[in-house]
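Structure first, then comments.
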Amino acid sequence: MSDTKDVFVPDVGDDEVEVIELCVEVGEEVEEEASLVTVESDKASMDIPAPFAGKVASLNVAVGDKIKQGDLLASMEPAGASGDAEPTPEPEVEEKAEETSVSSASSSSVIDVKVPDIGGDENVDVIDVLVSVGDEIEEEAGLITLETDKATMDVPSPQAGKVVSVEVKEGDKVSEGSLVITLEVGGSAQAEPAKSESEPAKEASSAPAHSSEKEIEVTVPDIGGDTDVDVIDVLVNVGDKVEAEDGLITLETDKATMDVPSPEAGTITEMLIKQGDKASQGTLVCKMKVAGAAAQSAPASEPKAAAPAKADTPAPAPKAPPVPHHPSAGERTKSGKVHASPSVRRLAREFGVDLTQVSGSGNKGRILKEDVQSYVKYELSRPKMTPGSSVGEGSGGLQVLAPPKVDFSKFGEVEEVPLTRIQKISGPNLHRNWVTIPHVTQFEEADITDMEAFRKEQNAIAAKRNTGVKITPLVFMMKAVADALKAYPVFNSSLSESGESLIQKKYYHIGIAVDTPGGLVVPVVRDVDQKGIFALSEELMEISKKARDGKLKAADMQGSCFTISSLGGIGGTAFTPIVNAPDVAILGVSKSEIKPKWNGQDFEPRLMLPLSLSYDHRVIDGAVAARFAVHLSTVLGDLRHMLL
């Protein structure tokens, strides 16, 4: 017959605290000092530990409850109370501890005081040092104050004594185990020898774990911001042995096909995804066993590991804040350090406030509740211009009528054809760009007669040398665009998230619209200004082939400064291309045509190339756009201008 003991809430330093997490479950075996629940006050988050080892018989609180000192927290069956427990090893440790205690009780000693368990956080800021060398302190007196992104807490003294040395200073970074002070204690140093006495046993119990296997979960990594991506192939099965970087599954977005690699070598134990599923960043792919080298800190017994495992589970996603995240939060420089209490952080989360943007008025720059409220009032009161104004009812943007519902079958035979994947994705983006960017299109013509003669001449030379490279007019346009971007840097920029400044780019990456069977994609050619005509021709042939084969990766279509959309191989005299945000301009190229041009004495036939330059009028003035178009026309008319 097992006995149960009640566990009550200890001194938590406040009248009431809120239970924010249950770290154990009924029936779970826990060790002494293992966390039972996590509570949060307006000053700190803390765990309430088990006062003794045993089995949880009942939990008397739930997440969200308010508790105070003396409230019933749980009931536990102490270890050794049931018949199948073996209590023999514990008395031996106690006897050793008592012997050590007797031998050291009469003498003073110097002990090291280190940072205790602080919830797994590392490199935590020391914001205050509360003691100095020579201070006489009591047990549990605060030594230093630490601040994580969740809480502010004091590191207490484990015993009463005299401070011999202080090993940290304000502004330092510490983690669990970092040395804080050395403390001279008198007649109470028995805990340290007892600890060293039991250390070999602890090391011996954990030694086998070094060579054991561990099971890890493999998730989908960053895939360029795409969500709900199709799983088109599963490359492994349960029981397969894989090496690091081996492909596990194949994903296909509207722009690219990519494999999700294995992070380590190991054996697949469970597949959690199948062909046809949708996946996003963080989606669980599989579980696998890998050689465990990181198990050194794992406890020897499974019951002890149960509590930390539960504490490591991610917290539920916070509910949508009543005020959306303001775009200016990404504008100002973030310091990386925020001093605020958990209650202030919770208030900031509720209102969608990025605390790195708030100036604190409290002691040492600490952010107070009033600072958050003032920031929200200010942000709501000032006018805003964002790169993509919201479009929809009640959002201050466009409010359009819904399209009429028409039964087309009444008028004749119809067939419903689904949109391609690329059309489904690109359609909303094109619509957003069209309705949120004030487009203006500047039309111009370039005389490419001499350029075409030079191109054909170089292709004839390359054919004789069997280089396998064919120069197209597009590569000359890319070089001309890079030259124009240098001459007019405003075209090589993007509007900031707040809409109040420009992000000026110092690189020259150009997106090239490629027509594929699945739809239009825009791979990016990088550092166009640094590459020659033949190098660009080779790269253009390569990415065009990858695009048509559906082999482009997400990274191949990111980072453009400017886009070129060429319909010259099809036809047309001009068109209005849609700006590909976050770029601020796009060049449309139509079919070249022989036209009579006056040379001052008579008309002569010249090969003219129509250019259509669309630009974001919020960023680029009409006069600047006209000069940019003329610059392009001039360079294409005489390539020697690029040398000036």
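Here are some notes:
Table: residues versus (1) within 20 Å of ALA487 (Cα to Cα); (2) surrounded by 19 or more Cβ atoms within 10 Å (Cβ to Cβ).
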{"residue": "VAL524", "(1), (2)": "no, yes"}
{"residue": "ASP529", "(1), (2)": "yes, no"}
{"residue": "SER537", "(1), (2)": "no, yes"}
{"residue": "ALA555", "(1), (2)": "no, no"}
{"residue": "GLN558", "(1), (2)": "no, no"}
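- The C-beta contact set for region 414-428 (first residue modelled with pLDDT of 90 or more, second residue not in a loop (DSSP other than H, G, I, E, B), distance under 9 angstrom, 6+ apart or interchain) comprises VAL414/PHE408.
- Scanning region 5-25 for residues that are out of contact with any Lys or Arg (no Cβ under 9 Å at 6 or more places or on another chain) and modelled with pLDDT of 85 or more yields LYS5, ASP6, VAL7, PHE8, PRO10.
- Test: PHE454 is closer than 30 Å to SER592 by Cα, part of a helix (DSSP H, G or I) and aromatic (Phe, Trp, Tyr): yes
- Qualifying positions in region 620-644 - of a type in the set (A, V, I, L, M, F, W, C), touching a residue at least 24 places away in the same chain (Cβ under 8 Å) and open to solvent by 20 Å² or more (accessible area, probe 1.4 Å): VAL624, ALA626, VAL630, LEU639, MET642
- Of all residues in region 362-396 being open to solvent by 60 Å² or more (accessible area, probe 1.4 Å) and at pLDDT 85 or above, the one that is farthest from THR152 (Cα to Cα): SER374
- Taken together, the residues in region 341-380 that are among the acidic types (Asp, Glu) and touching a Phe, Trp or Tyr at 6+ places or on another chain (Cβ under 8 Å) amount to 0.
- TYR507 falls short on exactly one of the conditions (1) surrounded by fewer than 17 Cβ atoms within 10 Å (Cβ to Cβ); (2) touching a strand residue (DSSP E or B) at 6+ places or on another chain (Cβ under 8 Å), and that condition is (2).
Here's the yes/no breakdown for (1) in contact (Cβ under 8 Å) with a residue 40 or more places away in the chain; (2) touching a Leu at 6+ places or on another chain (Cβ under 6 Å):
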| residue | (1), (2) |
| --- | --- |
| PHE491 | yes, yes |
| SER494 | yes, no |
| ASP529 | yes, no |
| SER537 | yes, no |
| GLY559 | yes, no |
| LEU567 | no, no |
| ILE578 | yes, yes |
| ASP583 | yes, no |
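- Neighbours by Cβ (under 9 Å, 6+ apart or cross-chain): first from region 340-361, under 19 Å from LEU146 (Cα atoms); second of a type in the set (Ser, Thr, Tyr) and assigned to a loop (DSSP other than H, G, I, E, B): SER341/SER41; PRO342/SER41; SER343/SER41; THR356/THR333; THR356/SER335
- Note on region 491-575: enclosed strands (runs of 3 or more DSSP E) holding 2 or more residues that are under 30 Å from LEU419 (Cα atoms) and either of a type in the set (A, V, I, L, M) or out of contact with any Pro (no Cβ under 8 Å at 6 or more places or on another chain) (or both) are 510-512, 514-516, 519-521, 562-566.
- Subset of region 30-45 (residues that are surrounded by fewer than 19 Cβ atoms within 10 Å (Cβ to Cβ) and not polar (S, T, N, Q)): GLU31, GLU32, GLU33, ASP42, LYS43
- Filter result (among the small types (Gly, Ala, Ser) and farther than 24 Å from ASP515 by Cα) within region 402-435: ALA402, SER409, GLY412
- The strands (runs of 3 or more DSSP E) located wholly in region 104-208 that include 1 or more residues which are at pLDDT below 75 and of a type outside the set (Val, Ile, Thr) occupy 108-114.
- Screening region 234-256 for residues that are surrounded by 14 or more Cβ atoms within 10 Å (Cβ to Cβ) and outside any loop (DSSP other than H, G, I, E, B) and picking the one that is modelled with the lowest pLDDT gives GLU252.
- Of all residues in region 455-470, none satisfies being in contact (Cβ under 8 Å) with a residue 24 or more places away in the chain and in contact with a strand residue (DSSP E or B) (Cβ under 7 Å, 6 or more places away or on another chain).
The values are calculated or read from the model by the stated rules, or taken from the named source; none is laboratory data. Remember, predicted model here, so these are calculated numbers, not experimental data. Ideal geometry is used to build each Cβ from the backbone, glycine not excepted, and the neighbour counts take in all protein chains shown. Quick note on the areas: whole protein, heavy atoms, side chains included, nothing else; ligands and nucleic acids left out. Shrake-Rupley method; radii C 1.70, N 1.55, O 1.52, S 1.80 Å.
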